[in-house]
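Visitor: If you scroll down you'll find the structure; I have some questions about it.
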Amino acid sequence: MSIDQTTQTRQLTTYLLPDLIPSNQKMTGSAVVIDILRASSTICTALDAGASAVIPCEHIETAQLTRKDFHADKVLMGGERQGVKIDGFDLGNSPRDYTEDIMAGRTLIFSTTNGTRALHRCQTADRVAIGCFLNRSAIVNWLQKEAEPVHLVCAGTDGKITLEDCLFAGALAGGLISHGESFAMNDATRLCLNLYHMSIQHKEGILLRLLESQGGQNLQQLSMQDDVTYCAQVDLLENVPVWDCGRNRINNL
C-alpha cells in the first residue's frame, strides 16, 4: 500500500535491546535488525558479494546440523563468539572476509553472539530487513514504500545497550524524517535521533563514534580496527537483505 506523506502518521519504535520487545506483542509492519559491529554489516556484505542465501542460527549446534543439508562446496560456515571465529567454522564475523570470490553462489550458515539472536526475536513482524550504515539509503527507501509501523531493533551486546546500534537507529530515523513523512516516535527513537544529529556535526563523526563505542574498543583490542572503519562507511551497498522467517533464509529483496 502506498503512503500519502501529507496525511499519514506512522509509528516509529526503537527497541534498544531485543529483550525490550514485548513477548506477547505482534510487531505489525516492518522491522529492521541492527547489529553494526558486526553481524548486520557482514550479512549485507556477504549477500552483496553473491551469497545465494544466509541462514541465521542462534546456536552453534544448530548451525553444525544445518550444514549437513548441503553439499560441501555449496556452503560456508561463518560466525563468532565474543568477537572470535568459532572453532571449525570457515569464516569469522569480519565483513571484509566475505568477498565475491569466496561467497558467490554459496549459502552462508551464520551464527553470532548477538545479531542472530536479535533477528529471531522479530519473528512476528510482517517484514524483517537487515540494516547497517553500508546500506542505509536502501533501507530508508524500502521502509518508505509501506504505510505500516516501523520497528528498529538494536541487537546490543550481551544484554547491554550499544552506542553503535543506537547511532544507526538514529540514522534511519533521520533518513525517514528528512523525506517529509510524519512519524510518532517513542523516546528511544528520539534519543537515537539526537545522538545521530550530534555525531554528524563532525565530518568523521560516525567513524569516531564507532571507534569510541565499547564494541569498537573490543575490536581494536582484537586488532580488528579495519572492521570498524569498514562498517562506518555510508551507502557503500544498495541491497536490502530480507529475512523469510518461515524458511529461515535471508536473501536480497
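Visitor: Where does helix 39-48 land angle-wise versus the long Cα axis of the chain, in degrees 0 to 90, nearest 10?
Guide: Value to nearest ten degrees: 80.
Visitor: Continuing with this model, one more query. Report, in whole Å, the centroid distance computed from the Cα atoms of region 168-190 and region 48-73.
Guide: Centre-to-centre (Cα) distance: 34 Å.
Visitor: Further question on the same structure: Picking from L172, I102, C57, whose Cα lies most toward the positive end of the charge dipole for the chain (charges on Cβ: Lys, Arg +1; Asp, Glu -1)?
Guide: The residue sitting most towards the positive pole is C57.
Visitor: How many lysine pairs are close in region 10-252, with Cα atoms under 29 Å apart and the two 8 or more places apart or on different chains?
Guide: Details: K26/K145; K26/K160; K68/K85; K74/K85; K85/K160; K160/K203.
Lysine pairs satisfying the spacing and distance rule in region 10-252 number 6.
Visitor: Just to confirm my numbers, what's the Cα centroid distance between region 229-245 and region 99-154 in Å?
Guide: 8 Å
Visitor: Within region 1-84, which trypsin sites (Lys or Arg not before Pro) sit in a loop by DSSP and count at most 12 neighbouring Cβ atoms inside 10 Å?
Guide: On the way: sites: R10, K26, R38, R67, K68, K74, R81; in loops: K26, R38, K68.
Hits after loop and neighbour filter: K26, K68.
Visitor: Quick one: compute a quarter of the convex hull surface over the Cα atoms of the chain and quote it in nm².
Guide: Details: hull surface 51.6 nm².
Over every viewing direction, the Cα hull of the chain projects on average to 12.9 nm².
Visitor: Quick one: net charge around M77, please, counting Lys, Arg +1 and Asp, Glu -1 for every other residue with C-beta under 10 Å from its C-beta. Display every interim value, and only then the final one.
Guide: Numbers: positive: R67, K85; negative: D90.
Around M77, the charge tally is +1.
Visitor: So, one more: Based on other C-beta atoms within 10 Å, arrange T116, T13 from fewest to most. The partial results should precede the final answer.
Guide: Numbers: T116 24, T13 21.
The fewest-first ordering by Cβ neighbours comes to T13, T116.
Visitor: Determine, for C192, C44, the number of other Cβ atoms within 10 Å of each Cβ, and report the residues in order from fewest to most. Before the final figure, lay out each step's value.
Guide: Working: C192 28, C44 31.
The fewest-first ordering by Cβ neighbours comes to C192, C44.
Visitor: Sort V75, V128 by Cβ crowding within 10 Å, fewest neighbours at the top. Could you put the intermediate results ahead of the total?
Guide: Values: V75 19, V128 23.
Exposure proxy ranking, most exposed first: V75, V128.
Visitor: Along the Cα→Cβ direction, 7 angstrom out, place labels at E204 and D158. What is the inter-label distance in nm?
Guide: 2.9 nm
Visitor: Taking every DSSP beta bridge that has both residues in region 20-148, what percent is antiparallel when rounded to the nearest 5?
Guide: Details: 2 of 17 bridges.
If we restrict to bridges inside region 20-148, about 10 percent are antiparallel.
Visitor: Summing Lys, Arg as +1 and Asp, Glu as -1, what charge do residues with Cβ under 11 Å from the Cβ of L237 carry, L237 excluded?
Guide: Details: positive: R136; negative: D48, D235, E238.
Net local charge, L237 excluded: -2.
Visitor: Follow-up. Any idea what the dipole of region 10-252 comes to, in debye rounded to 20, about its Cα centre with Lys/Arg Cβ at +1 and Asp/Glu Cβ at -1?
Guide: Details: 21 positive and 28 negative charges, 83 e Å.
Its charge dipole is roughly 400 debye.
Visitor: Just for region 10-252, what percent of DSSP beta bridges are antiparallel, to the closest 5?
Guide: Values: 9 of 36 bridges.
Close to 25 percent.
All of the numbers you see were taken from the coordinates with simple rules; none came from a lab. Keep in mind the model is a prediction, meaning the values are calculated, not measured. Cβ atoms come from the backbone with ideal geometry, glycine included; neighbour counts cover every protein chain shown.
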